[in-house]
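Every number in this text was worked out from the coordinates using simple rules, so none of it is lab data. Keep in mind that this is a model prediction, so the values were computed, not measured. Neighbour counts are summed over all protein chains in view; Cβ atoms, including those assigned to glycine, are modelled from backbone coordinates with ideal geometry.
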Amino acid sequence: MTANIPKVDLPLLEKGSSLSQDAIARLRRNKVGMASFYFLLLLILIAAVTPWIAPYTYDAQNLALGAAPPSADHWLGTDTLGRDQLTRIMYGSRVSLMVGFIATAVALTIGVLWGAIAGFLGGRVDAVMMRIVDALYALPFTIFIILLTVIFGSSMLLLFLAIGAVEWLTMARIVRGQVLTIKRQEFVEAAISMGLSPWRIISRHLIPNVLGPVIVYTTLTIPSVILLESFLSFLGLGIQPPASSWGSLISGGVETMEEYPWLLIFPGLVLTMTLFSLNFLGDGLRDALDPRASKD
Amino acid sequence: MLLFILKRVLQAIPVLLLVATVTFFMVRAAPGGPFDKDRAIPPEVMTQLNKRYHLDDPLWKQYLDYMSNVVRGDFGPSFKYASHTVTELISAGMPPTLELSLYAILFALLVGLPTGILAAIKQNTLLDYVPMSTAMIGICLPTFVLGPILLLVFGIWLGWLPVAGWGQSPGDKILPSITLGSVYAAYIARICRGGMLEILSQDYIRTARAKGLSTARIVLVHALRGGITPVISFLGPAIAGLLAGSFVVESIFQVPGLGRFYVMAAFNRDYTMILGCTILFAFLIILFNLLADIVQVWLNPKLRQELNARG
């Protein structure tokens, strides 16, 4: 076996491009994906600096003005209390994006660890851990979250934890599936034979190698989390006034849509465009990171 | 096959038990009781109320009593509407919700399946791109944005359809059903397209083409059965989403259904009502997941054989 190994011209290999460079190049060619990426970047930037650039404060009322259609002073109009809608949408984006990112981070942490541990240890531990995931899948989660907000009151922290705690299941399944295939490869066997601790193998060898699917699924989790928060706020169970989130703005807009349709249309538009961009970016990332995976 | 069904039913029971137990103790652990009013209630009255609803029993006894009642279909009295039992409220709210869900899923299938099949046959043409892009928009458009917009356009501006109610004026079921169903129409179209594309590239389809069968016959007789299997496995989870969606749709269109009751119970802290609805929803979701699994096995000879082989 060791006799005739052909000599490999090493410098030649350097001219190739790395996996991530390939992926970025593929993503750059995806126009819708890139447009979504820049839209989201802009949205995040605006949300980050909202307290300094917002034209008004989110609770500044102008009762004399009341609900006014878009004008030079108020670009997106005002609500029934004369509050500037652009400002309230900007503050709402802080809430919605924050819930989206933090709850997804919670889901990501639990899901990746759970899946990696189950997949790596295998055997009975794996069977028990995955049975738990199966059982949780059968639970009616939207109902469960409503229940949680009823019982513990609707605090921001609870919202993060509750949403994060229900979104980790699919992540755990994906990671476990990936780990099962990676586990059989030589570099993991090498790590085991070197006597590394299971924790070190999971954190240093397994998790970095499942990042691709995890990134894709994360991008697709954020919109479903944002949607869930808006859904709760729409029902009046999420963010409480005078703070605003997109869901509560839409819910307010629905009440008065007959007279003041702009109060429904603008927040609805922003929410839909955000969800749209996140989904398209997720699709684009999937195509870029895993060219073999089909779209559906 | 029978064994498979039996096994799945037996698996569903512990899950249901878990839901009921967790919900029960969560509700009991909640700060603030159902009788907390703005006005302070005299302690004697409080004691009487607690006695009447057996809230002074030890917790384990309350739990066992409740569970044994639930098994017999008795969810106890409503804390908010003292003259009604939860079972009465649920059976009043159930028919509109089920009807709405049924229409929504019918709408989703009637729109989604043909669109998906057509897009798969005409892959990479306008008939593929346009409906699939529309479906992507449909998936991203939340029910609580789509519903009010449909209401505004068709109910108020054009005045074609009633804006609220359920079964009171002709056509008032159309907008809620479409609102609830459209997301699923979009999903089904995409999933159906994916499933059909995979089947259409199989060898036995090529054989059918080589025999000179018409496209219609190939698609309807040979490909459809395999192509819609992913759609069927999607229908189980879709029912869960449908129930959640009905909360919003029923609120927007003022449908007197279970979803609206549930949200109202959540606001009123009507604990027995919340408990009863949660258990019922869990039951429905588990039931429909089970049905979807069974239909999937029934449609797929390969899976059926595997089951038979394993005994």
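Tabulated results
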read-out: Cα shape, chain B, gyration tensor, a/c 1.5 rule; value: oblate
read-out: Contact order relative to length of the range A:90-223, as percent, for alpha carbon pairs under 8 angstrom and 6 or more apart; value: 38 percent
read-out: Chymotrypsin sites (Phe, Trp or Tyr not before Pro) lying in DSSP loop within the range B:112-176, provided at most 16 other Cβ fall within 10 Å; value: B:W160
read-out: For a label point 7 Å along the Cα-to-beta-carbon line of A:W75, residues of the range A:239-260 with backbone N under 20 Å; value: A:244-247, A:249-250
read-out: DSSP loop GluC sites (Glu not before Pro) with at most 15 other Cβ within 10 Å excluded, longest remaining stretch of chain A; value: A:1-257
read-out: Diffusion coefficient, µm² s⁻¹, Stokes-Einstein with Kirkwood Rh over alpha-carbon pairs of the range A:74-288 at 20 °C and 1.002 mPa s; value: 113 µm²/s
read-out: Rounded FRET efficiency, nearest 0.05, which uses the C-beta distance separating A:L121 from B:T47 and R0 of 45 Å; value: 0.25
read-out: Cα long-axis angle, helix B:126-140 against chain B (0 to 90 degrees, to the nearest 10); value: 10 degrees
read-out: Separation of the B:N124 and A:D22 label points, Cα + 7 Å toward Cβ, nm; value: 2.2 nm
read-out: With Cα atoms, 0 to 90° folded angle of helix A:31-53 axis to chain A main axis; value: 50 degrees
read-out: Of the trypsin sites (Lys or Arg not before Pro) in the range A:203-296, those whose Cβ has at most 12 other Cβ within 10 Å and which sit in DSSP loop; value: A:R292, A:K295
read-out: Within the range A:203-296, chymotrypsin sites (Phe, Trp or Tyr not before Pro) in DSSP loop having at most 13 other beta-carbon neighbours inside 10 Å; value: none
read-out: Quotient of Cα Rg and 2.2 N^0.38 Å for the range B:84-142, N being how many residues it contains; value: 1.72
read-out: Across A:K31/A:K183; A:K183/B:K122; B:K7/B:K122; B:K122/B:K211; B:K7/B:K173; A:K31/B:K211, pairs whose alpha-carbon gap is larger than 31 Å; value: A:K31/A:K183; A:K183/B:K122; B:K7/B:K122; B:K7/B:K173; A:K31/B:K211
read-out: Helix A:211-235 axis, angle to chain A major axis (alpha carbon atoms, nearest 10°); value: 20 degrees
read-out: Phi to ³J(HN,Hα) by Karplus 6.51 cos²θ - 1.76 cosθ + 1.60 over the range B:203-209, Hz, x for Gly, Pro; value: 5, 5, 6, 4, 4, 4, 5
read-out: Mean Cβ count within 10 Å, highest first, over the residues of peptides B:221-228, A:39-46, B:203-210; value: B:221-228, A:39-46, B:203-210
read-out: Estimated 222 nm signal from helices in chain A, with DSSP H stretches of n ≥ 4 weighted -39500 (n - 2.57), rounded to 500; value: -23500 deg cm²/dmol
read-out: Exercise: per-residue mean of other protein chain Cβ atoms within 10 Å, B:137-150; value: 6
read-out: Per-pair calculated FRET efficiency, R0 = 30 Å: A:Y137 and A:T181 via Cβ, rounded to 0.05; value: 0.85
read-out: Per-residue mean of C-beta atoms belonging to partner chains within 10 Å, peptide B:262-271; value: 3
